[in-house]
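Undergrad: Below are the structure tokens for one structure; questions will follow.
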There are 2 protein chains.
Amino acid sequence: MMNYRSLFLISAALLTGNLCPAQDIGPASVEDFRPSTLNQPGKQYPQVNSEGRVRASIPAPQALKVQLDIGGVKYDLQKDDQGVWTGDSNPQDEGFHYYQLVIDGAQVPDPGSMYFYGASRWGSGIEIPAKDQEFYALKRVPHGQVRENLYFSEITQSWRRCFVYTPPDYEKNTSARYPVLYLQHGMGEDETGWSVQGRANLILDNLIAEKKAVPMIIVMDRGYASRADRSSTPNPGRPQGGPGGISAFEEVLIKEIIPMIDATYRTLSDRSHRAMAGLSMGANQTIQITMNNLNLFSYIGGFSGTSNYPSSAEIDPVTFMNGKFSDGKALNEKINLFWLGLGTKEPDPFPGSVGAFRNMLEKTGVKYVYYESPGTAHEWLTWRRSLYRFAPLLFKK
Amino acid sequence: MMNYRSLFLISAALLTGNLCPAQDIGPASVEDFRPSTLNQPGKQYPQVNSEGRVRASIPAPQALKVQLDIGGVKYDLQKDDQGVWTGDSNPQDEGFHYYQLVIDGAQVPDPGSMYFYGASRWGSGIEIPAKDQEFYALKRVPHGQVRENLYFSEITQSWRRCFVYTPPDYEKNTSARYPVLYLQHGMGEDETGWSVQGRANLILDNLIAEKKAVPMIIVMDRGYASRADRSSTPNPGRPQGGPGGISAFEEVLIKEIIPMIDATYRTLSDRSHRAMAGLSMGANQTIQITMNNLNLFSYIGGFSGTSNYPSSAEIDPVTFMNGKFSDGKALNEKINLFWLGLGTKEPDPFPGSVGAFRNMLEKTGVKYVYYESPGTAHEWLTWRRSLYRFAPLLFKK
């Protein structure tokens, strides 16, 4: 599980057809670069052009070599007579990408960008405008809130944090109760991912304004948890424990998070009003946890991941997950929605692994919805699009 | 107003008695360094020792020169045979400090730290443990929530964001109404400052748990605002407009923010239940705005700043702010609390400026509370301590 991200980076390099450690800029870029929408206030670089190229620029007068490192490929920047290094990447896929600069061998965030937690670090991010960006844009519609909740886990003996989206009318209809979607990030990401990179709150604000989705609460927790007796890193201060084991996450979610959410928020707490979805590692966790606890969940979403990861081998439903998928008819009566999504440019092992899982569902007759995000890899635009298509199907049975 | 931060940096260098551009490490450090509590998950550097020295370390095999830049002083790091550069700062004051690394002339965030908005940029921060750190520690007490609110300002024609702290019992006592403190950041900081660097939520959680402060809502908004017709930078996407003018902030606060908060939250909306406080630029704004709107506010807090900034000249109460402070007796009947705070190590012009303001208050007989934070400069520990002492005096008349 720990190698989702490194696998992706290697595969991304393969997909771009470039195995060289440093990359020529190639044909001249179209000169319509504009500052990235994710830049720090007032910062002019990095920039993005209409081809999806990224132009990085940084003053480093005494440096010998400066590179832009994005999508597993490094691009050499060129120094001008003011000591400013500038250079362009090849065209990137639409959507959000993590990147960094390399200055004489030092891997550092770009001081021009804002910072995001992914690839197991806080670092730079850039947004290549997507043709369908309207669905996650900040619009003049009623907006919900994103709330930081701190809580102490007895199971892990540590402070944890979750972010909770409440829909726009939550503070107005003060007696209304709402269904809940538990929405999980991927390996190397954390509880900030879905509201920051994923824009889950804006996607739901827009869907609710258009009456395409019912108002719901979304809980975005931290997908890592280890029992205290197995953990060597207590965290007495802020809840900043690093990405670590996931062995106790199911127990923490079922025994601590769900009861806390149901006690704190005005939830509808029966299984017909509780969904879980996640991306990559979070998809794997979602399928494991919901299938182990069908008394608690009736809507299931797996974005770019399934519980047979990383295997692409044919699945025997009799033995897989102790036969939990073997009786399709019974599952179809119990599960309101089983939803899977994948980007068309995802690297191995995702297409094969998700494909094998789908074959298994078809073999046993489990009904499911499948979506492919065109032109996106194992990245946030795939998952924004997945949420945008998954959320309207929730809580309508 | 724009030079708060640069003034501070220059003065800090003077205070440490060092005018050289690069600093010898001096006497050997005590070897009890531990990772900073503000490090990224799993990162071993930067570290802090019992003397308050900061040890930075970064691999940069091809670099010619690497420096740690903290408190306006640069410290040369030394390279080992693995290409890793390491070095220590002089002892730093207790509390939170912004810093950066300089790699062959490139000013970049430290990839080991988490990032904070201050000094007009997202960059590295480090925490020197304070002897009194218990009051802002994350403890096993009931915790409130910090909520992100997005709203469109008609005055500025832009999206804005505020963070709102709701006290621990807000979701339980669903018919209770609460007093409100509007709490402002300083120049070069933003609406994230008070809950992240300032730990306002934890300070209030602890005070409320000990029954030292009454449960209250805290609104932490963005202290910058310019009327749309004067602004050249509309922000169609995320509310990421840079620090800019402050000319319209009073109008935005009075006409848009307060009505929005009173419409969204269960507030007590009369002047006896509304306070405003701020730090540095936010203190200046607080005094201006509350004195212009005493029909709306009855509690006033100025942390490390007053409305005569940057002047240290004697104030004539007849002419200063159109004579608003000239009738001390009338003000004492109207204002429930006028509170001022300052760190004992603050650089010019703060001691002189705040001192001249205090002299003016004493001349006209305006009652006020004054607090000095021992051993701290124009930094967050001064402001955490100020909030810790200010909040218990609120809403008790």
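The values are calculated or read from the model by the stated rules, or taken from the named source; none is laboratory data. Because the structure is a prediction, the values reported are computed rather than measured. Note: ideal-geometry Cβ built from the backbone for every residue, glycine included; neighbour counts use all protein chains shown. Only protein heavy atoms, including side chains, enter the accessible area calculation; ligands, DNA and RNA are left aside. Shrake-Rupley method; radii C 1.70, N 1.55, O 1.52, S 1.80 Å.
Undergrad: Please list 3J(HN,Hα) in residue order for region A:87-94, calculated via the Karplus relation 6.51 cos²θ - 1.76 cosθ + 1.60 where θ = phi - 60°; whole Hz, with x for glycine and proline.
TA: After applying 6.51 cos²θ - 1.76 cosθ + 1.60, I find x, 10, 8, 5, x, 9, 4, 4 Hz.
Undergrad: To the nearest 0.05, what FRET efficiency results for B:K397 and A:K329 with a Förster distance of 45 Å applied to their C-beta separation?
TA: Working: r = 69 Å, r/R0 = 1.53.
Here the calculated transfer efficiency is 0.05.
Undergrad: Let me ask something additional. So between B:R34 and B:V141, what do we pick up on full extension, going 0.36 nm a residue minus the alpha carbon distance?
TA: Between B:R34 and B:V141, full extension yields 35.8 nm more.
Undergrad: While we're on this one: Please give, to one decimal in nm, the separation of the simple spin-label points placed at B:K363 and A:S247, each 7 Å out from Cα toward the Cβ.
TA: Roughly 7.1 nm, to one decimal.
Undergrad: Still on this structure: Using Cα pairs closer than 8 Å and at least 6 residues apart in sequence, work out the relative contact order for region B:38-170, in percent. List each step's numbers first, then the result.
TA: Working: 246 pairs, mean separation 25.8, N = 133.
Relative contact order for region B:38-170 comes out at 19 percent.
Undergrad: Can you list residues whose amide H is under 5 Å from A:G118's amide H, if they're 5+ apart or on another chain and H is modeled 1.01 Å from N?
TA: Hits under the 5 Å cutoff: A:G123.
Undergrad: Could you go through region A:299-307 in sequence order and give the Karplus-derived ³J(HN,Hα) for each residue, using 6.51 cos²θ - 1.76 cosθ + 1.60 with θ = phi - 60°, rounded to whole Hz, and x for Gly and Pro?
TA: In residue order, the calculated couplings are 10, 9, x, x, 9, 6, x, 9, 7 Hz.
Undergrad: According to the Kirkwood expression over distinct Cα-Cα pairs, how big is the hydrodynamic radius of the protein assembly as shown, in Å?
TA: Working: mean 1/r = 0.0360 Å⁻¹.
That comes to 27.8 Å for the protein assembly as shown.
Undergrad: Now, a different point. Which of the aspartates and glutamates could a cross-linker span from B:K397 if the Cα-Cα distance has to be under 16 Å and same-chain partners fewer than 8 positions apart are dropped?
TA: Candidates past the 8-residue exclusion: B:D270, B:E333.
Undergrad: Something else now. Can you work out ³J(HN,Hα) from phi for every residue in region A:165-178, in order, using Karplus 6.51 cos²θ - 1.76 cosθ + 1.60 and θ = phi - 60°, giving whole Hz and x for Gly and Pro?
TA: Here the 3J(HN,Hα) series is 8, 10, x, x, 8, 4, 7, 8, 8, 6, 10, 5, 10, 10 Hz.
Undergrad: Could you order A:Y117, A:Y370 so the one with the most accessible surface comes first? Probe is 1.4 Å. List each step's numbers first, then the result.
TA: Working: A:Y117 0, A:Y370 65 Å².
The ranking, largest first, comes out as A:Y370, A:Y117.
Undergrad: I would also like to ask the following. Would you work out the charge dipole size for region B:328-384 about its Cα centre, treating the Cβ of every Lys and Arg as +1 and the Cβ of every Asp and Glu as -1, and quote it to the nearest 20 debye?
TA: On the way: 7 positive and 6 negative charges, 53 e Å.
In total the dipole reaches around 260 debye.
Undergrad: Just counting partner chain Cβ atoms within 10 Å, what average do the residues of peptide B:99-110 show around their Cβ? Please report the intermediate quantities before stating the final value.
TA: Working: counts 0, 1, 3, 2, 11, 11, 8, 16, 4, 9, 8, 2.
Mean shielding by partner chains, rounded to a whole number: 6.
Undergrad: Compute the longest continuous run of chain B that contains no exposed GluC sites (Glu not before Pro); treat a site as exposed when its DSSP state is not H, G, I, E or B and it has at most 14 other Cβ atoms within 10 Å. Walk me through the numbers on the way to the answer.
TA: Working: sites that count: B:E31, B:E154, B:E210, B:E314.
Longest run free of exposed loop sites: B:32-153.
Undergrad: Also, I was wondering about something else. Anyone know which of B:L64, B:L279, B:L101 comes out most mobile in the 10 Å Cα GNM of chain B?
TA: Of B:L64, B:L279, B:L101, the Gaussian network model singles out B:L64 as fluctuating most.
Undergrad: Antiparallel as a % of all DSSP beta bridges within chain B, to the nearest 5? The partial results should precede the final answer.
TA: Details: 45 of 71 bridges.
Among the beta bridges of chain B, antiparallel pairing accounts for roughly 65 percent.
Undergrad: With only alpha-carbon atoms in the gyration tensor, what are the semi-axes of the equivalent ellipsoid for chain A, in Å, largest first? Don't skip to the end; give the middle numbers.
TA: Working: eigenvalues 268, 111, 91 Å².
Working from the Cα gyration tensor, I get semi-axes of 37, 24, 21 Å.
Undergrad: Another question, if that's okay. Relative contact order for chain B: what is it in percent, counting Cα pairs under 8 Å that are at least 6 residues apart? Show your work: numbers first, answer last.
TA: Numbers: 860 pairs, mean separation 52.1, N = 397.
After rounding, I find 13 percent.
Undergrad: How much length, in nm to one decimal, is gained on full extension between A:A313 and A:N293, taken as 0.36 nm per residue of separation minus their Cα-Cα distance? Mind showing how you got there, number by number?
TA: Values: separation 20, 0.36 × 20 = 7.20 nm, distance 2.57 nm.
Result: 4.6 nm gained on full extension.
Undergrad: Quick check: residue separation of A:A263 and A:N322 times 0.36 nm, minus the Cα distance between them. What number comes out in nm?
TA: On the way: separation 59, 0.36 × 59 = 21.24 nm, distance 3.29 nm.
In short, 18.0 nm is gained.
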